[in-house]
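For reference, the structure discussed in these notes is given below.
Just so you know, all these numbers are worked out from the coordinates, no wet-lab data involved. Remember, it's a predicted structure, so these values are computed and weren't measured experimentally. Virtual Cβ from ideal backbone geometry, glycine too; neighbours counted across all protein chains shown.
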Amino acid sequence: MNAPAPMPEIRHYTGVMNWLTTVDHKKIGLIYFWFVVLMGLVGGAFAGAIRFQLASPGATLEALQAAQLAGTAAPMALFNADGSGLFGNYHRYNEMVTMHASVMIFFTIIPGFIAFANYIVPLMIGARDMAFPKMNAFGVWLLFPSAILMITSFFVKGGAAASGWTAYPPLSLTGVGDPGQDMWVMGVHFAGVSSILAAINFLVTIISLRAPGMTWSKLPLFVWATFFVSIIQLVATPVLAAAVTMVLMDRNFGTSFTVASSGGDPVLYQHIFWFYSHPAVYIMILPGFGAISHIFAAFSRKLVFGYWGMVIATGSITAVGFAVWAHHMFTVGMPIWAQNYFMIASLVIAVPTGIKVFSWLATMWGGTIRFTTAMLFACGFLSTFVIGGFGGLILALVQIDFSFHDSYFVVGHFHMVLVGGSVMLLFAMTYYWWPKMSGHMLSESVGKWVFWLMFIGILCTFMPMHVSGMEGMARRIPVYWADFRLTNHLTTGGYCLTFLSALIFFIDLIASYRRPKITVDDPWQINDVQQSFEWATSCPPPDYNFVQVPPIPVIDPTGGKH
Amino acid sequence: MLRLLLALVVAAGCLAAAEPSGHDASGHAASVPATSAEVDRQVALFNPEVWKLDEKKQPILKLDDPFNTPASDVARRIASDFWFSLLIFSPFLILPQILLLVIIFKFRDRGDGRKAATFSGNHLLEVVWTAVPCVALVIVTVPSVQTIIWMEFPPDAARRDVVPVEVIGKQFSWKYRYMREDHAALIGLDVAGLQEPLVLPKDRIAVLNLTSEDVNHAWWIPAFGVKKDAIIGRHTNVWFTPDRVGTFKGQCAELCGNDHGRMIITAVITDAADYELWVEHLRYRNAALKIWSLVRDPLAKPEQVDAAVAKYLAVDSSVAAKNALRFWIATNHASLLRGKGQGPNKDQLKSESRRDRERIDGLLNLTARRTTQEAAP
Ligand SMILES: [Cu+2]
Ligand SMILES: [Cu+2]
């Protein structure tokens with residue numbers, strides 16, 4: 001027997017250095033969380049710039065054209081064709097459109113769920129940390145250069161990327177020499193690497209670090225969802241990297257993957273891009289689906305209805321989600337079989353999604369429901385998500401998509417799913433888990449204001465968008481026909497409500513640190529039903545979570561009757 | 001499949017070419033010199049105002065949408081499919097909302113000591129809410145697949161004649177090539193800001209063949225239910241049968257750069273006679289525009305204009321040629337008036353317009369008489 005290796009000296013930092021050097025999954029989860037909160041506000045502000053351009057009453061195509069023809073000054077707007085607007089010209093507007101989407105997708109919604117998964121998943125499975133703590137830290141810190149690359153690109157020559165978050169060539173190949181688009185590509189690469197590392201970490205953690213007794217059939221649904229989403233991230237994200245690398249190479253190194261004049265094909269890029277970006281919509285919502293099951297059950301004092309149905313539904317959404325990407329590009333012209341196949345496959349996804357919706361309703365049925373803010377957000381999510389999903393059903397039909405594609409109906413649909421769905425989920429999860437994560441309560445009375453403002457705001461913002469689109473308003477336009485004035489004003493009004501509620505939430509979030517520490521493990525008093533590990537340890541949990549194997553018995557999430 | 005359709009389009013084009021040309025239909029316009037009222041009508045028809053707001057700041061030309069005011073067979077079929085699938089799917093929108101409301105009011109914890117139910121599964125329920133949506137999907141999918149197949153192939157294209165048009169997108173305007181008879185391309189040029197409309201006859205199948213010269217664009221007129229990408233290096237096809245006379249608005253639907261939002265599309269649907277007239281006019285367009293630029297050139301001497309008109313007639317002195325020249329001069333004046341004719345310029349431009357048009361009329365009549373005299377003996 002060899003003598004045991006000498007213990008390496010462990011340096012303990014305090015203050016800022018503690019946060020910078022931490023490899024604790026809980027601290028990293030909080031770093032993710034605050035990054036997401038700040039980026040959400042930045043992305044929301046970008047949306048504000050877009051909305052205020054579209055709110056400017058003179059900015060109708062008719063008025064602009066009349067002014068141009070008459071040689072008089074164009075109406076006042078944030079962005080004007082001639083650059084006389086407050087924020088410059090339509091190029092700036094396209095930059096805003098691009099960056100709003102990029103920030104919201106890559107820095108808000110995707111890392112938002114990773115923040116919670118980082119904090120909660122190890123607790124839920126009774127692990128002391130993630131499988132690769134240092135890799136975990138690397139992943140979160142990668143997001144910072146990524147965000148800095150994208151956001152500072154506003155200030156370089158030629159401005160930020162302005163070809164939409166989809167970066168379709170040939171448009172994304174224009175302006176070669178201006179670094180904005182290249183910085184965007186590198187930003188996506190960093191975010192992608194971060195995402196892949198997180199996925200590997202979650203997979204290994206969930207597979208190998210479960211506490212004794214935490215069998216696959218007892219795994220909490222949030223852990224199941226994180227597991228499936230990690231598979232998507234691991235498989236799909238490299239494909240996105242391939243797509244944006246083609247743009248980078250075509251721009252800078254003379255290749256012609258997407259250059260038609262030298263044998264490339266711009267449509268190739270679209271296929272590869274959407275092969276990632278359709279599954280990405282599940283990255284942006286499935287973890288929330290898992291979490292919301294816990295919230296519905298907790299505040300209804302019941303067990304989740306149809307545990308295995310939920311698991312199988314999540315798994316099948318994951319699987320089928322890889323095979324429907326071309327429904328984003330029906331109008332490029334596809335063979336009939338492809339149109340029909342992608343339509344039917346897309347429709348099929350409605351079935352597992354429906355199973356989830358009905359199972360959530362059945363979870364609540366017969367319960368004794370407490371409407372905490374978290375529960376309000378969960379119910380609000382259910383309502384708005386069903387609307388968003390319904391729009392998706394309609395859009396999957398090829399012939400109808402020919403009318404709706406790239407119109408505001410699509411914009412309304414995916415915002416209904418991403419804001420009415422994902423963002424509502426993130427808020428529900430925050431109100432549910434913030435006491436555990438910070439050790440402080442968020443204000444329930446302020447929370448109710450936040451919820452109602454946001455719920456009404458979301459309906460008021462995105463329902464009129466559907467109407468604009470049905471009537472023929474194209475997306476990504478800085479001016480529009482006079483026919484769309486009313487619906488656009490409604491949307492801008494709704495935006496103001498939504499952003500206001502986000503600001504109130506932000507202030508309350510900061511204020512929560514000044515409230516007294518929570519002294520109980522289970523502030524919601526739910527663990528008699530939930531029996532979930534994260535509520536069986538202090539708020540926040542100590543370093544390394546559990547000294548021993550978690551002390552409570554794992555219950556059978558099916559209630560033993562299934 | 002794409003190639004098949006392409007072949008079909010070419011075949012259809014040839015078929016249209018084989019048919020006797022429709023000059024007879026427009027005989028009234030082509031064989032008699034048009035009155036100036038008739039020229040004005042044509043100018044208003046082929047150079048429509050889509051930009052104006054009325055006194056209440058409402059658009060004078062409303063945007064027709066495919067679901068409420070469809071203007072083609074494709075849009076009508078899409079609309080009926082849309083309402084049908086909305087109907088079939090609507091329970092899945094409404095039922096969860098109703099159940100949610102019921103739950104909120106019925107199962108709220110009122111602190112009366114009611115115990116929560118303990119069930120956590122029900123196989124029958126789960127089978128039902130898996131199977132019922134599947135049935136709904138099948139009900140909607142079947143007609144959808146039929147429509148998709150129908151949309152790919154123009155119906156009985158062999159019997160009805162087809163109007164093939166090549167549509168070329170370019171930042172930030174559209175070019176149209178009307179493919180006719182000898183496939184000699186007649187090019188519609190673009191005038192900055194005021195784009196020329198695509199003119200199509202009512203009740204004939206329009207087959208558009210789209211491509212792009214630079215980035216991706218998408219040609220979209222909502223009222224026709226038609227949206228198709230224009231992609232460099234590719235040709236995409238789409239067909240529809242406009243069935244309502246009028247002017248229709250649309251715009252580019254694929255982000256294509258700074259002025260994407262102003263890359264508008266105008267389509268004018270006319271009866272058969274007016275369509276023939278338009279194609280006839282297009283034939284003389286380039287020659288007529290040369291004369292127009294001389295007319296407006298302050299440095300050009302009057303004799304230069306006379307000579308240009310004489311040269312124009314030497315190539316083709318038919319009534320159609322003369323009418324076309326008068327049409328283009330009047331059209332360009334109308335555009336000029338629309339653009340710069342606000343405020344003090346207005347009266348001056350109006351009188352210039354009247355002067356130029358009369359002058360051209362005079363030149364045409366004069367030269368016309370001389371040509372007939374020479375031809376008489
Ligand atoms: Cu998708
Ligand atoms: Cu465009």
Please give, to one decimal in nm, the separation of the simple spin-label points placed at B:Glu303 and B:Glu352, each 7 Å out from Cα toward the Cβ.
2.5 nm
Could you tell me how far the Cα centroid of the stretch A:406-455 sits from the Cα centroid of the stretch A:340-355, in Å?
26 Å
Using a 10 Å cut-off around each Cβ, can you sort A:His91, B:His333, A:His413 from fewest to most neighbouring Cβ atoms?
A:His91, B:His333, A:His413
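Can you give the local net charge around A:Tyr544? Use residues other than it whose beta-carbon is closer than 13 angstrom to its beta-carbon, Lys and Arg +1, Asp and Glu -1. Don't skip to the end; give the middle numbers.
Numbers: positive: A:Lys26, A:Lys27, A:Arg128; negative: A:Asp24, A:Asp129, A:Asp543.
After counting each charged neighbour, the total is 0.
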Pseudo-spin-label distance A:Val156 to A:Ser538, built 7 Å along Cα→Cβ, given in nm, is 4.8 nm
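Shielding of A:323-332 by partners, i.e. mean partner chain Cβ atoms within 10 Å per residue?
Values: counts 0, 0, 0, 0, 0, 0, 1, 4, 13, 8.
Counting Cβ atoms of other protein chains within 10 Å of each residue's Cβ and averaging gives 3.
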In nanometres, the difference between 0.36 nm per residue of separation and the alpha-carbon distance of A:Trp308 and A:Ile207 is 34.5 nm
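Expressed in whole Å with the largest first, what are the equivalent ellipsoid semi-axes of the protein assembly as shown derived from the C-alpha gyration tensor as the square root of 5 times each eigenvalue? Let's see the in-between values first.
Working: eigenvalues 748, 160, 122 Å².
After diagonalising the Cα gyration tensor, the semi-axes are 61, 28, 25 Å.
Pulled fully out, how much extra length does the chain show between B:Ser318 and B:Ala272, if you take 0.36 nm times their separation in residues and subtract their Cα-Cα distance? Numbers along the way, then the final one.
Details: separation 46, 0.36 × 46 = 16.56 nm, distance 2.09 nm.
Additional length available on full extension: 14.5 nm.
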Considering the dipole of the protein assembly as shown built from charges on the beta carbon (Lys and Arg +1, Asp and Glu -1) around the Cα centre, which of B:Gly362, A:Leu453, B:Trp328 is farthest to its positive end?
A:Leu453
When A:Phe275, A:Phe533 are ordered from fewest to most other Cβ atoms inside 10 Å of their Cβ, what list results?
A:Phe275, A:Phe533
Total charge of the residues flanking A:Trp141 in space, meaning their Cβ is under 15 Å from its Cβ, with Lys and Arg +1 and Asp and Glu -1, is +1
Check: C-alpha center the stretch B:91-153 vs C-alpha center the stretch A:171-226, spacing in Å is 32 Å
Express in whole angstrom the spacing between the alpha-carbon centres of the stretch A:70-101 and the stretch B:284-337.
39 Å
Just subtract the alpha-carbon distance of A:His489 and A:Arg128 from 0.36 nm times their residue separation and send over the number in nm, one decimal.
124.8 nm
Let's test the formula: R0 of 56 Å, r as the Cβ-Cβ distance of B:Arg359 and A:Ser261. What FRET efficiency results, to the nearest 0.05?
0.75
Taking 8 Å as the Cα distance limit and 6 or more residues as the minimum spacing, I'd like the relative contact order of chain A as a percentage.
15 percent
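Once the other residues with Cβ under 12 Å from the Cβ of A:Asp250 are scored (Lys, Arg +1; Asp, Glu -1), what is the net sum?
Numbers: positive: A:Arg251; negative: A:Asp182, A:Asp265.
Summing Lys and Arg as +1 and Asp and Glu as -1 gives -1.
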Assigning unit charges at the beta carbon (Lys, Arg +1; Asp, Glu -1) and nothing else, what dipole magnitude in debye, to the nearest 20, does the protein assembly as shown show about its Cα centre?
1680 debye
Amide hydrogen neighbours beyond the local backbone of B:Leu198, cut-off 5 Å, H modeled
B:Thr266, B:Ala267, B:Val268
Give a residue-ordered list of calculated ³J(HN,Hα) values for the stretch A:194-204 (Karplus: 6.51 cos²θ - 1.76 cosθ + 1.60, θ = phi - 60°; whole Hz; x for Gly, Pro).
4, 5, 5, 4, 4, 4, 4, 4, 5, 4, 5
Taking the Cα-to-Cβ direction at A:Ile510 and at B:Phe105 and moving 7 Å from each Cα, how far apart do the two end points lie in nm?
4.2 nm
Looking only at other chains, what is the average number of their beta-carbon atoms within 10 angstrom of each beta-carbon in A:175-188?
0
Work out the FRET efficiency for B:Arg114 and B:Ser90 from their Cβ-Cβ distance, taking R0 = 35 Å, and round it to the nearest 0.05.
0.55
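Taking beta carbons within 10 Å but only from partner chains, what does the mean come to for residues B:122-129? Can you show the working numbers first?
Numbers: counts 6, 3, 0, 6, 10, 1, 1, 10.
Mean shielding count: 5.
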